Amino acid sequence: MTASRFVRGVVILLVTLMAGCATSPPAQFFTLTPAASGAGESLVSSPFARSIAVGPVSVPESVNRPQFVVREGQNQVIVLELQRWAEPLRDGIAESVAGYLSRALGGARVTPMTQSAANTAQLDVALDVQRFDLIVGEAAVLEVVWTIKTRNGSAAPISGRSEVRESAQTSGDAYAALVAAQVRALATVSREIAQRLVQSAAN
């Protein structure tokens, strides 16, 4: 092969690769930011007295990645390269629950454990996410075992389990609908945790 043919071949290859990149659809990035409204009213008339840190958060290894992992049938999942989380899933869950908990507790001081403000919190809410399923065109499924602990050891830990399924059926963007459904599920879990916190404070 002559030098000119080699150079021409390299140029064609580069043009082909660039054309392929130009026609590739852009990636979508999503967060689990709490909805601006619709999370329910506060459970208390004044802010909850104790400060709270949300974390640590654990998630199944099968979904612990930037890409969306969607369920296909009972025993199969698909990793989507173009639909991604804008932050680590554990962080997004902690931030969402912290936001919803604060609302349910009358504007109480609630922060994710990853933030420096959590260093002085009086209570920790640990989240063991056992299911975080995205079923395209159907629903989002969330199962969380949560534990409330006092940092000074003044009370026994309180544990509970929340199981939520939120419809994600839509005629629009199926992936945006799945994220919105998981956000609603996180709001429900947060409210159940808040209810236990209020009950424990009353005892």
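Any read-out appearing in this document is the output of simple, stated calculations on the displayed coordinates, not a laboratory observation. Here the structure is a predicted model, which means the values were calculated and not measured. For neighbour counting, all protein chains shown are included, and Cβ atoms are generated from backbone atoms with ideal geometry for every residue, glycine included.
Put a dot 7 Å past the Cα of residue 198, heading toward its Cβ, do the same for residue 161, and the two dots end up 2.5 nm apart. Here the contact order of the chain, divided by its residue count and restricted to Cα pairs under 8 Å and six or more residues apart, works out to 22 percent. The local environment of residue 64, defined by Cβ-Cβ distances under 12 Å, has a net charge of 0 under the rule Lys, Arg +1 and Asp, Glu -1.
The angle between the Cα long axis of helix 174-202 and the longest principal axis of the Cα atoms of the chain comes to about 20 degrees, rounded to the nearest 10.
Please compute the net charge surrounding residue 200, taking Lys and Arg as +1 and Asp and Glu as -1 over other residues with Cβ under 14 Å from its Cβ. Could the numbers behind the result be given before it?
Numbers: positive: 50, 149, 196; negative: 124, 192.
Surrounding charge for residue 200 is +1.
What dipole magnitude, in Debye to the nearest 20, does the chain give about its Cα centre under +1 on Lys/Arg Cβ and -1 on Asp/Glu Cβ? Don't skip to the end; give the middle numbers.
Numbers: 17 positive and 16 negative charges, 74 e Å.
Here the size comes out at about 360 debye.
Taking a Cβ cut-off of under 12 Å around residue 136, the surrounding Lys, Arg, Asp and Glu residues balance to a net charge of -3, with basic ones at +1 and acidic ones at -1.
Please list 192-198, 147-153 highest first by mean number of surrounding beta-carbon atoms within 10 Å per residue.
Packing order, densest peptide first, comes out as 192-198, 147-153.
The angle between the Cα long axis of helix 3-23 and the main principal axis of the chain comes to about 30°, on a 0 to 90 degree scale. Using +1 at the Cβ of each Lys and Arg and -1 at the Cβ of each Asp and Glu in segment 54-112, identify which of 93, 107, 58 lies farthest towards the dipole's positive end. Among 93, 107, 58, the one farthest towards the positive end of the dipole of segment 54-112 is 107.
Translational diffusion coefficient of the chain at 25 °C, 0.890 mPa s, Stokes-Einstein with Kirkwood Rh over Cα pairs, in µm²/s as a whole number.
Using the Kirkwood radius from Cα pairs, D works out to 130 µm²/s.
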